[in-house]
Every structure is written in C-alpha cells, then in structure tokens.
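*Asks:* Sharing a structure below in structure tokens format, with a few things to ask.
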Amino acid sequence: MVRRPPRATLFPYTTLSRSLVVFTSDHGEYLGDHGQLGKGDPGYDCILRTPLIMRLPGVLQAGLKPEALVESVDVPATILDLCSVQADPSVQGRSLLGLATGKTSAGRESVFMESRYPTLMAVRTVRTRDHMYSLRLMGGRTEERLFDLRKDPNELVNVAGQPTRTKALCEMRKLLIARMIEAEGDRHEMVARF
C-alpha cells in the first residue's frame, strides 16, 4: 500500500468553498518581446496585459474567459461589489461582476496605464481594441508610439509619424488626455498642511 502525503490546501475545503480567491499582478513582463526581458518600458501589450483569475463558487462562472478590456483599478471595485459593500466615490475602478458572472461581455472602451521613473522618464499609454498609443517623456524629449493592433498585433511598426495615420493619432491623443484627466479625478484636495 502506497501512502500519499496529505494534500496541501490553502484553506480547509469548507472555507475555500465560500471564499473569494483573486490572482493578479501589477504588470506583465517582457519575455523576449521587443528583444527585452523582465519588466520595463511600458507601452506594449506584454507589459499592459496582466493575469486576472477570480474564483467564488456559486457566484462566479467557472472557466469564463472574457476578452473585454479591463483595468487593474477595477479589481477593488469588483471585490467590494462581490462583498455587497458600496464603493467609496474615490474608488476609480468599475465592478467586473457582470463580466465574471457571464451576464455581460462589455468591458471598457479603452484602458489607461501610467508609469513614472523619477528623473528618468514618464510614460502614459492608452489602448483600445484597435490601437495602442504611448507618450514617453525622457530627458526633455518626447516620443510618441502608435500601433495599429488590427494590422500589427505584435506592435512592431510605430505608425505615429505616418501621414496616413494622422486621424488615428489625433483621436488617440485626445483619448489619452481624457483618460489622464479621468484618472486624476478629484485629487485637488490638500493632502497635508505645512
């Protein structure tokens, strides 16, 4: 008779069957994409895309893999919604409960990402289903990247400087500004008094 060691579990089964489990990450990784390894320069899908796996038996539909655009800021709003807790108005995200239960397939029209490396560079990126646009500020220089994800899903050809892409470039610039203002929210409050 072969004795097997006890199965390791996160929680006893009775607790796990009633628990919300969320697995995610703060950013993706370059795994050879664009000739790079590790984390780094945002503005590509390999960095923007992160895993999001949620489990709550009896509530969330198992095996569901929506293709919707969502943001990391949507995770806290979703957890609060699953716990029937009213989100504070300062919470930026939107609940993904409709997606996670299969009641809707609609996500966001765009996703926004920002990154700042003090004294080195700042990057702002907005992505739709069709385009990815990044604005990079480095050492006093500005660089724009625009990728047509329908024709170039691997983001290999920056079309920001092509005259035939002026309309898409202008639309993505406007969208980036709108998303930056939206992300800023009501941060005009004084954080500390001196």
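*Asks:* If you take the residues of the range 51-63 that are surrounded by 12 or more Cβ atoms within 10 Å (Cβ to Cβ) and among the aliphatic types (A, V, I, L, M), which of them is farthest from THR24 (Cα to Cα)?
*Replies:* Per the stated criteria, the residue is VAL59.
*Asks:* Any idea which of ARG145, ARG127, ARG150 is surrounded by fewer than 11 Cβ atoms within 10 Å (Cβ to Cβ), modelled with pLDDT of 90 or more and not β-branched (Val, Ile, Thr)?
*Replies:* ARG150
Each row is one residue, and each column tells you yes or no for (1) more than 19 Å from the chain's Cα centre (by Cα); (2) within 30 Å of GLY58 (Cβ to Cβ).
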position: ILE79; (1), (2): no, yes
position: ASP88; (1), (2): yes, yes
position: GLY93; (1), (2): no, yes
position: LYS103; (1), (2): yes, yes
position: ARG127; (1), (2): no, no
position: ARG141; (1), (2): yes, no
position: VAL157; (1), (2): yes, no
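*Asks:* Same structure again: Can you tell me which residue among HIS27, HIS34 is modelled with pLDDT under 85, under 25 Å from ARG136 (Cβ atoms) and either in a loop (DSSP other than H, G, I, E, B) or of a type in the set (Lys, Arg) (or both)?
*Replies:* HIS27
*Asks:* May I ask you to verify whether VAL111 is modelled with pLDDT of 90 or more, open to solvent by less than 80 Å² (accessible area, probe 1.4 Å) and either under 29 Å from ALA168 (Cα atoms) or among the aliphatic types (A, V, I, L, M) (or both)?
*Replies:* yes
*Asks:* All but one of (1) open to solvent by 20 Å² or more (accessible area, probe 1.4 Å); (2) hydrophobic (A, V, I, L, M, F, W, C); (3) closer than 19 Å to GLY93 by Cβ hold for ALA183; state the number of the condition that does not hold.
*Replies:* (1)
*Asks:* If you don't mind, another one. Can you tell me which residue within the range 64-91, out of those that are surrounded by fewer than 16 Cβ atoms within 10 Å (Cβ to Cβ) and touching a helix residue (DSSP H, G or I) at 6+ places or on another chain (Cβ under 8 Å), is farthest from HIS27 (Cα to Cα)?
*Replies:* Selected residue: GLN86.
*Asks:* Output the number of the condition that ALA68 fails; it satisfies all remaining conditions of (1) modelled with pLDDT of 90 or more; (2) in contact with a Leu (Cβ under 6 Å, 6 or more places away or on another chain); (3) aliphatic (A, V, I, L, M).
*Replies:* Condition (1) is where ALA68 drops out.
The values are calculated or read from the model by the stated rules, or taken from the named source; none is laboratory data. Just so we're clear, the structure is a prediction, and the values are computed from it rather than from any experiment. Here Cβ is always computed from backbone atoms with ideal geometry, including for glycine, and neighbour counts include all displayed protein chains. Calculation scope for accessible area: heavy atoms of the full protein, side chains included, ligands and nucleic acids excluded. Shrake-Rupley method; radii C 1.70, N 1.55, O 1.52, S 1.80 Å.
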